[in-house]
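Here's the structure, in C-alpha coordinates; my notes come after.
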Amino acid sequence: MEINYDKYLVTLKSANLYKKKPHKLMEMIYSGSIPTRNFPSSSGAYELDGIFRSSKSSENKTDFLRFLTFLSKKGVNMLDDGLAVRALSLMHQFKRDWVRDVSTWNRNTYNLDRQIKSIGRHLFCKYPIPKFMDNIWFKSSNWDFPLYLHLGKGESPRTFDALPVPITKRESHYFQLAPDDYTPMEAILWGKVLSFGGDERLVRAFMETRIFRATNKKEWEFWEPIMKFFVEQPLLDIHVISPVCDYISHLKNDFRRIPVAGGVFRVLPPEFPNFKINGRTLPALIRGMEAWHKELGKGTKEGVPKRWEPFLIDDYSVTFGKEENRRTYTFTQLLTVSALRAEGRTHGHCVAGYANSCNSGRTSIWSMCVEDAFARIKNLLTIEVSPQKRIVQCRGTGNRLANANEWRIVERFAFERKLDIDRWVHHE
(Lines give C-alpha, C1' and ligand atoms only; values in the text may rest on other atoms or scores of the structure.)
Protein backbone atom coordinates (compact mmCIF):
# COMPACT_ATOMS: atom_id res chain seq x y z
CA MET A 1 0.00 0.00 0.00
CA GLU A 2 1.39 3.41 -0.97
CA ILE A 3 0.39 6.65 0.74
CA ASN A 4 1.56 10.12 -0.18
CA TYR A 5 2.06 12.18 2.98
CA ASP A 6 0.43 15.34 1.56
CA LYS A 7 -2.57 13.35 0.39
CA TYR A 8 -2.68 11.60 3.71
CA LEU A 9 -2.96 14.86 5.70
CA VAL A 10 -5.57 16.34 3.37
CA THR A 11 -7.54 13.10 3.53
CA LEU A 12 -7.54 13.13 7.33
CA LYS A 13 -8.78 16.70 7.44
CA SER A 14 -11.39 16.24 4.75
CA ALA A 15 -12.68 13.09 6.48
CA ASN A 16 -12.84 14.97 9.80
CA LEU A 17 -10.54 12.35 11.34
CA TYR A 18 -7.60 14.60 12.16
CA LYS A 19 -8.47 14.83 15.86
CA LYS A 20 -8.51 11.09 16.40
CA LYS A 21 -5.76 9.53 18.51
CA PRO A 22 -2.59 9.02 16.45
CA HIS A 23 -2.41 5.25 16.97
CA LYS A 24 -6.02 4.92 15.79
CA LEU A 25 -5.15 6.82 12.62
CA MET A 26 -2.18 4.53 12.00
CA GLU A 27 -4.42 1.49 12.35
CA MET A 28 -6.92 2.98 9.88
CA ILE A 29 -4.15 3.81 7.40
CA TYR A 30 -2.70 0.31 7.64
CA SER A 31 -6.06 -1.38 7.22
CA GLY A 32 -6.91 0.83 4.23
CA SER A 33 -10.07 2.19 5.81
CA ILE A 34 -8.97 5.76 4.98
CA PRO A 35 -8.99 6.03 1.19
CA THR A 36 -6.56 8.46 -0.43
CA ARG A 37 -7.69 10.82 -3.15
CA ASN A 38 -5.83 12.47 -6.00
CA PHE A 39 -4.51 15.56 -4.26
CA PRO A 40 -1.37 17.15 -5.76
CA SER A 41 1.85 16.71 -3.79
CA SER A 42 3.95 19.80 -3.12
CA SER A 43 7.59 19.81 -4.23
CA GLY A 44 9.94 18.10 -1.83
CA ALA A 45 7.13 16.84 0.41
CA TYR A 46 7.77 13.83 2.59
CA GLU A 47 5.97 10.67 1.52
CA LEU A 48 4.80 7.88 3.80
CA ASP A 49 4.75 5.29 1.02
CA GLY A 50 8.45 4.49 1.42
CA ILE A 51 7.87 3.41 5.03
CA PHE A 52 5.53 0.59 4.21
CA ARG A 53 7.26 -0.49 1.03
CA SER A 54 10.57 -0.86 2.95
CA SER A 55 9.05 -3.72 4.96
CA LYS A 56 9.23 -6.97 3.01
CA SER A 57 6.67 -8.91 5.02
CA SER A 58 3.31 -8.27 6.59
CA GLU A 59 4.85 -9.21 9.93
CA ASN A 60 7.41 -6.40 9.62
CA LYS A 61 4.70 -3.94 8.71
CA THR A 62 2.63 -4.99 11.70
CA ASP A 63 5.64 -4.70 13.98
CA PHE A 64 6.34 -1.20 12.68
CA LEU A 65 2.71 -0.29 13.36
CA ARG A 66 3.05 -1.58 16.93
CA PHE A 67 6.22 0.52 17.29
CA LEU A 68 4.45 3.72 16.23
CA THR A 69 1.35 2.85 18.24
CA PHE A 70 3.33 2.43 21.45
CA LEU A 71 5.14 5.74 20.95
CA SER A 72 1.93 7.59 20.12
CA LYS A 73 0.39 6.27 23.35
CA LYS A 74 3.47 7.57 25.17
CA GLY A 75 2.71 11.06 23.87
CA VAL A 76 4.99 11.19 20.80
CA ASN A 77 2.76 13.11 18.40
CA MET A 78 4.73 12.33 15.25
CA LEU A 79 2.06 11.90 12.60
CA ASP A 80 1.96 15.54 11.50
CA ASP A 81 5.76 15.73 11.23
CA GLY A 82 7.27 13.98 8.21
CA LEU A 83 10.86 14.19 9.47
CA ALA A 84 9.90 12.51 12.74
CA VAL A 85 8.12 9.67 10.94
CA ARG A 86 11.13 9.16 8.67
CA ALA A 87 13.45 9.06 11.69
CA LEU A 88 11.30 6.48 13.45
CA SER A 89 11.14 4.45 10.25
CA LEU A 90 14.95 4.38 10.11
CA MET A 91 15.13 3.32 13.77
CA HIS A 92 12.74 0.45 13.11
CA GLN A 93 14.57 -0.55 9.96
CA PHE A 94 17.66 -1.24 12.11
CA LYS A 95 15.79 -3.01 14.88
CA ARG A 96 18.42 -5.75 14.85
CA ASP A 97 20.83 -3.21 16.39
CA TRP A 98 18.60 -2.22 19.30
CA VAL A 99 20.27 -2.61 22.69
CA ARG A 100 17.01 -2.00 24.58
CA ASP A 101 13.36 -2.58 23.78
CA VAL A 102 11.18 0.43 23.02
CA SER A 103 8.73 -0.64 25.75
CA THR A 104 11.19 0.52 28.41
CA TRP A 105 11.46 4.05 26.98
CA ASN A 106 9.75 6.86 28.91
CA ARG A 107 9.03 10.36 27.68
CA ASN A 108 10.87 13.11 29.53
CA THR A 109 10.07 16.10 27.29
CA TYR A 110 7.21 17.53 25.28
CA ASN A 111 9.49 18.66 22.45
CA LEU A 112 9.17 16.28 19.48
CA ASP A 113 12.76 16.69 18.24
CA ARG A 114 14.15 15.92 21.70
CA GLN A 115 11.78 12.95 21.99
CA ILE A 116 13.11 11.48 18.73
CA LYS A 117 16.72 11.95 19.88
CA SER A 118 15.90 10.38 23.25
CA ILE A 119 14.28 7.36 21.56
CA GLY A 120 17.36 6.89 19.36
CA ARG A 121 19.74 6.94 22.33
CA HIS A 122 17.50 4.55 24.26
CA LEU A 123 17.34 2.04 21.42
CA PHE A 124 20.93 2.12 20.15
CA CYS A 125 23.33 3.52 22.77
CA LYS A 126 24.78 1.73 25.78
CA TYR A 127 27.10 4.69 26.40
CA PRO A 128 26.76 8.50 26.09
CA ILE A 129 27.50 9.96 22.65
CA PRO A 130 28.15 13.56 21.53
CA LYS A 131 24.93 15.55 21.25
CA PHE A 132 25.59 16.53 17.64
CA MET A 133 25.29 12.85 16.64
CA ASP A 134 21.56 13.05 17.45
CA ASN A 135 21.13 15.16 14.31
CA ILE A 136 21.65 12.12 12.06
CA TRP A 137 17.99 11.19 12.48
CA PHE A 138 17.01 14.31 10.56
CA LYS A 139 19.93 14.64 8.13
CA SER A 140 22.46 11.90 7.54
CA SER A 141 25.01 10.53 5.10
CA ASN A 142 25.98 6.94 4.36
CA TRP A 143 28.46 6.63 7.23
CA ASP A 144 26.69 8.71 9.92
CA PHE A 145 24.42 5.96 11.26
CA PRO A 146 27.13 3.27 11.52
CA LEU A 147 29.24 5.86 13.38
CA TYR A 148 26.29 6.50 15.70
CA LEU A 149 26.12 2.76 16.52
CA HIS A 150 29.91 2.63 16.90
CA LEU A 151 29.98 5.49 19.44
CA GLY A 152 26.92 4.09 21.22
CA LYS A 153 28.94 0.96 22.00
CA GLY A 154 31.52 3.11 23.78
CA GLU A 155 34.07 2.93 20.96
CA SER A 156 36.39 5.76 19.92
CA PRO A 157 35.73 7.56 16.62
CA ARG A 158 39.37 6.85 15.71
CA THR A 159 38.60 3.12 15.43
CA PHE A 160 35.67 3.62 13.04
CA ASP A 161 36.91 2.23 9.71
CA ALA A 162 34.39 4.03 7.52
CA LEU A 163 35.34 7.49 8.76
CA PRO A 164 35.98 9.51 5.57
CA VAL A 165 38.95 11.30 7.14
CA PRO A 166 41.55 9.77 9.49
CA ILE A 167 41.80 11.54 12.86
CA THR A 168 44.37 11.47 15.64
CA LYS A 169 43.75 10.87 19.33
CA ARG A 170 43.87 14.61 20.01
CA GLU A 171 41.50 15.34 17.11
CA SER A 172 39.16 12.61 18.39
CA HIS A 173 38.99 14.38 21.75
CA TYR A 174 37.99 17.69 20.18
CA PHE A 175 35.64 15.92 17.75
CA GLN A 176 33.50 14.78 20.66
CA LEU A 177 33.35 18.35 22.03
CA ALA A 178 31.95 19.91 18.84
CA PRO A 179 28.88 22.19 19.14
CA ASP A 180 25.48 20.52 19.31
CA ASP A 181 24.27 21.92 15.98
CA TYR A 182 27.18 20.48 13.96
CA THR A 183 27.04 17.53 11.58
CA PRO A 184 29.55 14.69 12.10
CA MET A 185 31.60 15.97 9.13
CA GLU A 186 31.67 19.47 10.60
CA ALA A 187 32.70 17.94 13.93
CA ILE A 188 35.68 16.28 12.22
CA LEU A 189 36.77 19.66 10.88
CA TRP A 190 36.22 21.19 14.32
CA GLY A 191 38.44 18.52 15.89
CA LYS A 192 41.25 19.09 13.41
CA VAL A 193 41.26 22.88 13.60
CA LEU A 194 41.15 23.01 17.40
CA SER A 195 43.88 20.38 17.66
CA PHE A 196 46.04 22.65 15.45
CA GLY A 197 45.46 25.55 17.86
CA GLY A 198 42.65 27.28 15.92
CA ASP A 199 39.18 28.35 17.04
CA GLU A 200 35.54 28.23 15.95
CA ARG A 201 35.97 31.28 13.75
CA LEU A 202 38.55 29.41 11.67
CA VAL A 203 36.35 26.30 11.62
CA ARG A 204 33.52 28.29 10.07
CA ALA A 205 35.93 29.88 7.59
CA PHE A 206 37.24 26.47 6.49
CA MET A 207 33.66 25.27 6.01
CA GLU A 208 33.37 27.76 3.15
CA THR A 209 36.46 26.45 1.33
CA ARG A 210 37.17 23.54 -0.97
CA ILE A 211 39.00 21.94 1.98
CA PHE A 212 35.63 21.02 3.49
CA ARG A 213 34.54 19.54 0.15
CA ALA A 214 37.43 17.04 0.11
CA THR A 215 35.90 13.61 -0.50
CA ASN A 216 38.66 11.13 0.28
CA LYS A 217 41.67 10.56 2.52
CA LYS A 218 44.19 11.46 -0.21
CA GLU A 219 42.64 14.94 -0.65
CA TRP A 220 42.61 15.47 3.11
CA GLU A 221 46.29 14.50 3.32
CA PHE A 222 47.00 17.31 0.85
CA TRP A 223 44.85 19.94 2.56
CA GLU A 224 45.73 19.27 6.22
CA PRO A 225 49.20 20.93 6.09
CA ILE A 226 47.54 23.92 4.40
CA MET A 227 44.99 24.13 7.23
CA LYS A 228 47.86 24.13 9.75
CA PHE A 229 49.57 26.84 7.69
CA PHE A 230 46.52 29.11 7.96
CA VAL A 231 46.03 28.40 11.67
CA GLU A 232 49.62 29.44 12.37
CA GLN A 233 49.30 32.80 10.59
CA PRO A 234 49.25 35.77 13.02
CA LEU A 235 46.19 38.01 12.71
CA LEU A 236 44.85 36.07 9.76
CA ASP A 237 42.12 37.65 7.62
CA ILE A 238 39.76 34.69 7.36
CA HIS A 239 38.22 36.15 4.21
CA VAL A 240 41.38 35.36 2.23
CA ILE A 241 41.33 31.65 3.15
CA SER A 242 38.79 30.56 0.54
CA PRO A 243 40.24 32.49 -2.45
CA VAL A 244 43.79 31.42 -1.54
CA CYS A 245 42.64 27.79 -1.37
CA ASP A 246 41.09 28.21 -4.83
CA TYR A 247 44.42 29.58 -6.07
CA ILE A 248 46.34 26.66 -4.55
CA SER A 249 43.95 24.22 -6.21
CA HIS A 250 44.52 26.04 -9.51
CA LEU A 251 48.30 25.71 -9.16
CA LYS A 252 48.02 21.99 -8.44
CA ASN A 253 45.21 20.84 -10.74
CA ASP A 254 44.39 23.27 -13.58
CA PHE A 255 45.88 22.73 -17.03
CA ARG A 256 46.99 25.98 -18.70
CA ARG A 257 46.04 27.20 -22.17
CA ILE A 258 48.80 29.30 -23.77
CA PRO A 259 47.89 31.19 -27.00
CA VAL A 260 50.30 30.45 -29.84
CA ALA A 261 49.00 32.00 -33.10
CA GLY A 262 45.85 32.20 -35.16
CA GLY A 263 43.57 31.34 -32.27
CA VAL A 264 45.53 28.17 -31.51
CA PHE A 265 46.32 27.29 -27.91
CA ARG A 266 48.99 25.08 -26.42
CA VAL A 267 47.90 23.09 -23.36
CA LEU A 268 50.45 22.86 -20.57
CA PRO A 269 50.24 20.80 -17.37
CA PRO A 270 49.42 22.44 -14.02
CA GLU A 271 52.04 24.87 -12.79
CA PHE A 272 52.74 22.98 -9.54
CA PRO A 273 51.17 19.49 -9.71
CA ASN A 274 53.18 18.49 -6.61
CA PHE A 275 52.37 21.67 -4.69
CA LYS A 276 53.71 21.83 -1.12
CA ILE A 277 52.94 24.58 1.37
CA ASN A 278 56.33 24.27 3.07
CA GLY A 279 58.51 27.34 2.58
CA ARG A 280 55.69 29.53 1.24
CA THR A 281 54.41 32.75 2.83
CA LEU A 282 50.87 34.06 2.97
CA PRO A 283 51.68 37.49 1.44
CA ALA A 284 53.28 35.74 -1.57
CA LEU A 285 50.25 33.47 -1.98
CA ILE A 286 47.91 36.47 -1.78
CA ARG A 287 49.90 38.31 -4.46
CA GLY A 288 49.78 35.26 -6.69
CA MET A 289 46.05 34.87 -6.06
CA GLU A 290 45.36 38.52 -6.95
CA ALA A 291 47.40 38.21 -10.17
CA TRP A 292 45.49 35.06 -11.07
CA HIS A 293 42.16 36.81 -10.42
CA LYS A 294 43.18 39.64 -12.75
CA GLU A 295 44.00 37.09 -15.44
CA LEU A 296 40.54 35.64 -15.08
CA GLY A 297 38.97 39.09 -15.23
CA LYS A 298 37.93 38.93 -11.58
CA GLY A 299 40.24 41.70 -10.40
CA THR A 300 40.01 45.46 -10.83
CA LYS A 301 42.28 47.71 -12.89
CA GLU A 302 43.14 49.72 -9.84
CA GLY A 303 44.15 46.62 -7.85
CA VAL A 304 44.14 47.07 -4.09
CA PRO A 305 42.11 50.14 -3.02
CA LYS A 306 44.03 52.96 -1.37
CA ARG A 307 41.20 54.11 0.95
CA TRP A 308 37.74 52.93 1.98
CA GLU A 309 34.66 54.04 3.87
CA PRO A 310 34.66 53.46 7.65
CA PHE A 311 32.20 51.40 9.64
CA LEU A 312 29.77 53.71 11.44
CA ILE A 313 31.62 53.30 14.74
CA ASP A 314 33.35 56.32 16.26
CA ASP A 315 36.98 56.21 17.33
CA TYR A 316 37.40 56.03 21.08
CA SER A 317 39.82 57.29 23.73
CA VAL A 318 39.95 57.10 27.51
CA THR A 319 42.42 58.59 30.00
CA PHE A 320 43.54 57.25 33.36
CA GLY A 321 45.79 58.83 36.01
CA LYS A 322 47.12 62.34 36.43
CA GLU A 323 50.30 64.23 35.64
CA GLU A 324 53.24 61.85 35.16
CA ASN A 325 51.03 58.80 35.63
CA ARG A 326 48.57 59.86 32.94
CA ARG A 327 47.85 57.28 30.23
CA THR A 328 45.52 57.84 27.27
CA TYR A 329 44.31 54.79 25.36
CA THR A 330 42.97 55.29 21.84
CA PHE A 331 41.12 53.01 19.40
CA THR A 332 41.44 54.18 15.80
CA GLN A 333 39.82 52.64 12.73
CA LEU A 334 42.40 52.12 9.96
CA LEU A 335 41.08 53.36 6.60
CA THR A 336 44.07 53.27 4.23
CA VAL A 337 46.48 50.71 2.82
CA SER A 338 49.42 52.69 4.19
CA ALA A 339 47.91 52.59 7.70
CA LEU A 340 47.43 48.81 7.46
CA ARG A 341 51.00 48.34 6.25
CA ALA A 342 52.38 50.46 9.08
CA GLU A 343 50.34 48.45 11.58
CA GLY A 344 51.64 45.21 10.10
CA ARG A 345 55.26 46.37 10.26
CA THR A 346 54.83 47.42 13.90
CA HIS A 347 53.40 44.09 15.07
CA GLY A 348 54.96 41.73 12.54
CA HIS A 349 51.73 40.36 11.08
CA CYS A 350 50.04 40.40 7.66
CA VAL A 351 47.18 42.77 8.47
CA ALA A 352 47.92 44.61 5.19
CA GLY A 353 46.17 41.70 3.46
CA TYR A 354 42.87 42.98 4.88
CA ALA A 355 42.69 45.88 2.40
CA ASN A 356 40.19 44.26 0.03
CA SER A 357 38.05 42.97 2.91
CA CYS A 358 37.96 46.44 4.48
CA ASN A 359 37.14 48.04 1.13
CA SER A 360 34.24 45.65 0.53
CA GLY A 361 32.83 46.17 4.03
CA ARG A 362 33.45 42.58 5.15
CA THR A 363 35.50 43.73 8.14
CA SER A 364 37.21 46.70 9.82
CA ILE A 365 40.63 46.94 11.46
CA TRP A 366 41.38 49.02 14.55
CA SER A 367 44.63 50.01 16.23
CA MET A 368 44.81 50.31 20.01
CA CYS A 369 47.58 52.63 21.23
CA VAL A 370 48.61 54.24 24.51
CA GLU A 371 50.13 57.72 24.97
CA ASP A 372 51.91 58.61 28.20
CA ALA A 373 52.35 62.00 29.89
CA PHE A 374 55.46 62.72 27.78
CA ALA A 375 53.61 62.25 24.45
CA ARG A 376 55.27 58.90 23.79
CA ILE A 377 52.96 56.62 21.80
CA LYS A 378 53.08 52.82 21.83
CA ASN A 379 51.06 50.48 19.61
CA LEU A 380 49.49 47.77 21.77
CA LEU A 381 46.92 45.70 19.86
CA THR A 382 45.34 45.21 16.46
CA ILE A 383 41.60 44.53 16.62
CA GLU A 384 39.21 43.23 13.96
CA VAL A 385 35.53 44.23 14.14
CA SER A 386 32.91 42.49 11.97
CA PRO A 387 29.95 44.20 10.24
CA GLN A 388 27.76 42.71 12.99
CA LYS A 389 29.68 44.92 15.48
CA ARG A 390 31.54 42.03 17.03
CA ILE A 391 35.21 41.98 18.03
CA VAL A 392 36.45 38.80 16.33
CA GLN A 393 40.25 39.14 16.71
CA CYS A 394 42.49 40.93 19.19
CA ARG A 395 46.25 40.40 18.98
CA GLY A 396 49.50 42.19 19.74
CA THR A 397 53.07 41.93 18.47
CA GLY A 398 54.06 38.41 17.49
CA ASN A 399 50.42 37.28 17.67
CA ARG A 400 50.40 37.57 21.48
CA LEU A 401 47.14 37.76 23.44
CA ALA A 402 46.04 40.93 25.22
CA ASN A 403 47.20 41.10 28.83
CA ALA A 404 44.77 41.57 31.70
CA ASN A 405 45.10 45.36 31.80
CA GLU A 406 44.75 45.75 28.03
CA TRP A 407 41.73 43.46 28.07
CA ARG A 408 39.93 45.68 30.58
CA ILE A 409 40.43 48.63 28.23
CA VAL A 410 39.18 46.58 25.26
CA GLU A 411 36.06 45.61 27.23
CA ARG A 412 35.48 49.28 28.06
CA PHE A 413 35.82 50.20 24.37
CA ALA A 414 33.34 47.43 23.46
CA PHE A 415 30.87 48.62 26.09
CA GLU A 416 31.06 52.30 25.07
CA ARG A 417 30.70 51.52 21.35
CA LYS A 418 28.05 48.81 21.89
CA LEU A 419 30.20 46.01 20.48
CA ASP A 420 30.03 42.32 21.36
CA ILE A 421 33.15 40.23 21.90
CA ASP A 422 33.05 36.76 20.33
CA ARG A 423 33.53 33.91 22.78
CA TRP A 424 36.67 32.64 21.01
CA VAL A 425 38.53 35.96 21.50
CA HIS A 426 40.82 35.25 24.43
CA HIS A 427 43.26 37.15 26.65
CA GLU A 428 46.07 36.16 29.00
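The values are calculated or read from the model by the stated rules, or taken from the named source; none is laboratory data. Predicted model only: the values in this text are computed from it and were never measured. Every residue, glycine among them, receives a Cβ derived from its backbone with ideal geometry; neighbour counts consider all protein chains shown. Each accessible area value is taken on the protein alone, full model and side chains, heavy atoms only, with ligands, DNA and RNA left out. Shrake-Rupley method; radii C 1.70, N 1.55, O 1.52, S 1.80 Å.
Can you return the aspartates and glutamates within cross-link range of residue 218? Criterion is Cα-Cα under 19 Å, with same-chain partners fewer than 8 residues away left out. Those aspartates and glutamates meeting the cut-off are 161, 171, 186, 246, 254. Could you list, in their original order, any pairs among 73/131; 378/418; 217/306; 217/389 whose Cα atoms are separated by more than 31 Å? Listed pairs above 31 Å: 217/306; 217/389. Computed log10 I(q)/I(0) for the range 286-428 at 0.10, 0.16, 0.17, 0.18 Å⁻¹: -0.37, -0.87, -0.97, -1.06, from the Debye equation with unit scatterers placed on every C-alpha and solvent omitted. Translational diffusion coefficient of the range 91-134 (Stokes-Einstein, Kirkwood radius from Cα pairs, 10 °C, 1.306 mPa s): 145 µm²/s. Over the alpha-carbon set of the range 72-160, divide Rg by the Kirkwood Rh and report the Rg/Rh ratio to two decimals. Radius of gyration relative to Kirkwood radius: 0.94. Our analysis of the range 204-353 gives Rg over Rh at 1.11, with the two radii drawn from alpha carbon positions and Rh computed by the Kirkwood formula. Rolling a 1.4 Å probe over the protein heavy atoms of the range 97-197, with every protein chain left in place, gives an accessible area that is 47 percent carbon and sulfur. Could you check how much of the accessible area of the range 343-428 is carbon and sulfur, as a whole percent, using a 1.4 Å probe? Taking all protein chains in place, the range 343-428 shows 47 percent carbon and sulfur surface. Probing with 1.4 Å while keeping every protein chain in the model, the per residue accessible area of the range 353-428 equals 49 Å². The accessible surface of the range 207-291, taken with every protein chain in place and a 1.4 Å probe, is 52 percent carbon and sulfur.
Computed from the Cβ-Cβ distance with R0 of 30 Å, the FRET efficiency linking residue 261 to residue 291 stands at 0.75. Computed on the Cα trace of the range 326-383, the radius of gyration divided by the Kirkwood hydrodynamic radius gives Rg/Rh = 1.02.
Spin-label model, residue 362/residue 108: points 7 Å from Cα along the beta carbon direction are separated by 4.4 nm. Given q = 0.11, 0.12, 0.22 Å⁻¹, what are the Debye log10 I(q)/I(0) values for the range 149-260, with equal point scatterers placed on the Cα positions and solvent ignored? Debye output, listed in q order: -0.39, -0.45, -1.27.
When peptides 242-253, 186-197 are ranked by their average number of other Cβ atoms within 10 Å per residue, the highest-first order is 186-197, 242-253. For the range 91-194, the solvent-accessible area works out to 50 Å² per residue, with a probe of 1.4 Å and every protein chain left in place.
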